[in-house]
Amino acid sequence: MKISESSFYALVHLVMNLVVNVVCQDVTLVTNIAEGKNAYQSSDAFSAEGGAHFSVDGNFNQYWSGQSCSHTKTEFGAYWQVDLGDIYVVQAVSVYNRIDDCCNYLLIGIEVLIGMTRDTYRVVGHEDEHIYTNHTFPLSPPAFARWVRITRNPDFNSALMLCEVAVTGYKSSSRSFKRISDVTGTGETLDTKFARSIEHCCYICFITQDCLAVKMDNSQCSLLNSDNNQSELGQTLYVVN
Ligand SMILES: [Ca+2]
């Protein structure tokens, strides 16, 4: 059977779409870097049914009866957190609330924090409005972190319940920096370190809390807390990609 040229390209287009869809679905699945990781919370209520791990079990069922939601006791200072197990470039954090009639009013003033250690965090997202079903907090620019923590601000005396927390990101290395020519960073300098090379400088940034960009002058590696920059001929800035 002879196939026309237009039909041939339509077929190629269809196949390409199928390939792209499959690839995208794969990427979506593998980029939830929180799934299956060790999770903790301020306290356990109904520990057999409401443990912290239920929010990273990969099950997005939003009904308590689905046995896949975490649940603290009624308390001030409730929090939930996950150890990603290594440093990643975090791009977004999504939280999924309970949607049964009982308790979905509790996700109010949700605050998302990230940190390099269990005890050092900074705020990267806050939602004043009530989260009825789910909400995504994008990090722009993405940032290095090993820990992700969910809490409430303002704080109030109630349980914190989450049915799933999905963290989008990827494993990082010093190559996860983007080179920008003819600009200089205008962010605040967190620290200045000796570095043998720009790769070494980027690595130091990679393991430093809040570092989002670096610039090098001879062997002096400046760690910057933002990727803000301005034109300056001959200068080079490396920002978290
Ligand atoms: Ca779950």
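The numbers here are math on the coordinates, done by the rules we state, and not lab data. Quantities reported herein were computed from a predicted structural model and do not represent experimental measurements. As a convention, Cβ positions derive from the backbone with ideal geometry for all residues, glycine included, and neighbour counts pool all protein chains shown.
Things worth noting here:
- Sorted by Cβ neighbour density within 10 Å, fewest at the top, the residues 194, 206: 194, 206
- Positive-end residue of 109, 225, 139, charge dipole of the chain with Cβ unit charges: 225
- Qualifying trypsin sites (Lys or Arg not before Pro) in the range 163-209, DSSP loop, other Cβ atoms within 10 Å at most 11: 175, 196
- Karplus-derived 3J(HN,Hα), 6.51/-1.76/1.60, for each residue of the range 193-205, Hz, glycine and proline x: 10, 6, 9, 7, 7, 5, 5, 5, 4, 5, 5, 4, 4
- Contour excess over end-to-end distance, with Cα ends at residue 120 and residue 181 and 0.36 nm allotted per residue: 18.7 nm
- Computed across the range 158-206, the Kirkwood hydrodynamic radius from all distinct Cα-Cα pairs reaches 14.5 Å.
- If the Kirkwood radius is taken over C-alpha pairs of the range 177-241, then at 25 °C and 0.890 mPa s the Stokes-Einstein diffusion coefficient equals 220 µm²/s.
- Neighbourhood charge, 15 Å Cβ-Cβ cut-off, centred on residue 219 and excluding it, Lys, Arg +1 and Asp, Glu -1: 0
- Per residue, the chain reaches -5000 deg cm²/dmol at 222 nm when only DSSP H runs of four or more residues are counted, each adding -39500 (n - 2.57).
- Comparing 185, 77, 115 in a Gaussian network model of the chain where C-alpha atoms under 10 Å apart are linked, the largest mean-square fluctuation is found at 77.
- Whole-number D in µm² s⁻¹ for the range 33-171, Kirkwood Cα-pair radius fed into Stokes-Einstein, 20 °C, 1.002 mPa s: 148 µm²/s
- Estimated dipole of the range 117-165 in Debye, rounded to 20 [Cβ of Lys and Arg +1, of Asp and Glu -1, Cα centre]: 300 debye
- Between residue 102 and residue 86, the contour length at 0.36 nm per residue exceeds the Cα-Cα span by 2.1 nm.
- Spread over its residues, the convex hull of the C-alpha atoms of the range 129-241 is 132 Å³ per residue.
- With Rh defined as the Kirkwood radius, the inverse of the mean 1/r over Cα pairs, the Rg/Rh of the chain is 1.09.
- Loop-located GluC sites (Glu not before Pro) across the range 94-167 with a Cβ neighbour count of 15 or fewer within 10 Å are 129, with loop assigned by DSSP.
- Paramagnetic label zone (point 7 Å from Cα along Cα-to-C-beta, residue 217; backbone N under 20 Å) in the range 160-197: 180-197
- Taking the fewest neighbouring Cβ atoms within 10 Å as the starting point, the ordered list for 64, 80 is 64, 80.
- Selection from 95, 72, 239, by position along the positive dipole direction of the chain (Cβ): 239
- What you get for the chain, charging only the Cβ of Lys and Arg (+1) and of Asp and Glu (-1), is a dipole of about 680 debye around the Cα centre.
- Note on the chain: with a GNM built from Cα contacts shorter than 10 Å, the maximum mean-square fluctuation among 123, 167, 90 falls on 123.
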